[in-house]
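Where a number appears in this text, it was derived from the coordinates with a stated rule and is not lab data. It should be emphasised that the depicted structure is a prediction, and the values quoted were computed from it without experimental measurement. When we count neighbours, we look across all protein chains shown, and the Cβ atoms used for this are built from the backbone with ideal geometry, even at glycine.
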Amino acid sequence: QVQLVESGGGSVQPGGSLRLFCAASGSIFTINAMGWYRQNSGKQRELVAVFTSTGRTNYADSVKGRFTISSDNAKNTVYLQMNSLKFEDTAVYYCSADLGDGLLWGQGTLVTVSS
């Protein structure tokens, strides 16, 4: 089994920055790729930034140029650096792990952008 634990969420003013962390543990050899999604109340969960199985990155158009996904394989950790945050970035952010037969989700971490 794989476990995902996110951290790093919080409250920030517009224009500010936050860095999210996702640590994977357990049977990490079963993970094909990892990434970040988010969900705001009343909306569907949406892709934010992910690594593909070939190591490329995909970003939502709304975060391109502002967010950066990275990883430290030695620490089995994926990061999401979020800069120039906007009100509309407010959401619960979920770490994801592609296990081949579906996505595994972390518990989520809340990011609130408000003045």
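Okay, residues lined up against (1) buried (at least 16 other Cβ atoms within 10 Å of the Cβ); (2) part of a strand (DSSP E or B); (3) in contact with a Cys (Cβ under 9 Å, 6 or more places away or on another chain):
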| residue | (1), (2), (3) |
| --- | --- |
| D61 | no, no, no |
| K64 | no, no, no |
| I69 | yes, yes, no |
| A74 | no, no, no |
| L80 | yes, yes, yes |
| L85 | yes, no, no |
| E88 | no, no, no |
| A97 | yes, yes, yes |
| G100 | no, no, no |
*Would you please name the residue that is surrounded by the most Cβ atoms within 10 Å (Cβ to Cβ), looking only at residues in region 13-59 that are out of contact with any Leu (no Cβ under 8 Å at 6 or more places or on another chain), aliphatic (A, V, I, L, M) and free of Cβ contacts under 8 Å to residues at least 60 places away in the same chain?*
V50
*Determine, yes or no, whether V111 is in contact with a helix residue (DSSP H, G or I) (Cβ under 9 Å, 6 or more places away or on another chain), touching a residue at least 24 places away in the same chain (Cβ under 8 Å), not acidic (D, E) and not in a strand (DSSP E or B).*
no
_Which residue is farthest from the chain's Cα centre (by Cα), if the candidates are limited to region 41-59 and must be in a loop (DSSP other than H, G, I, E, B) and not β-branched (V, I, T)?_
G42
_Scan of region 1-42 for residues that are more than 28 Å from T54 (Cβ to Cβ) and of a type in the set (G, A, S), ordered by number_ = G9, G10, S11, G15, G16, S17, S41, G42
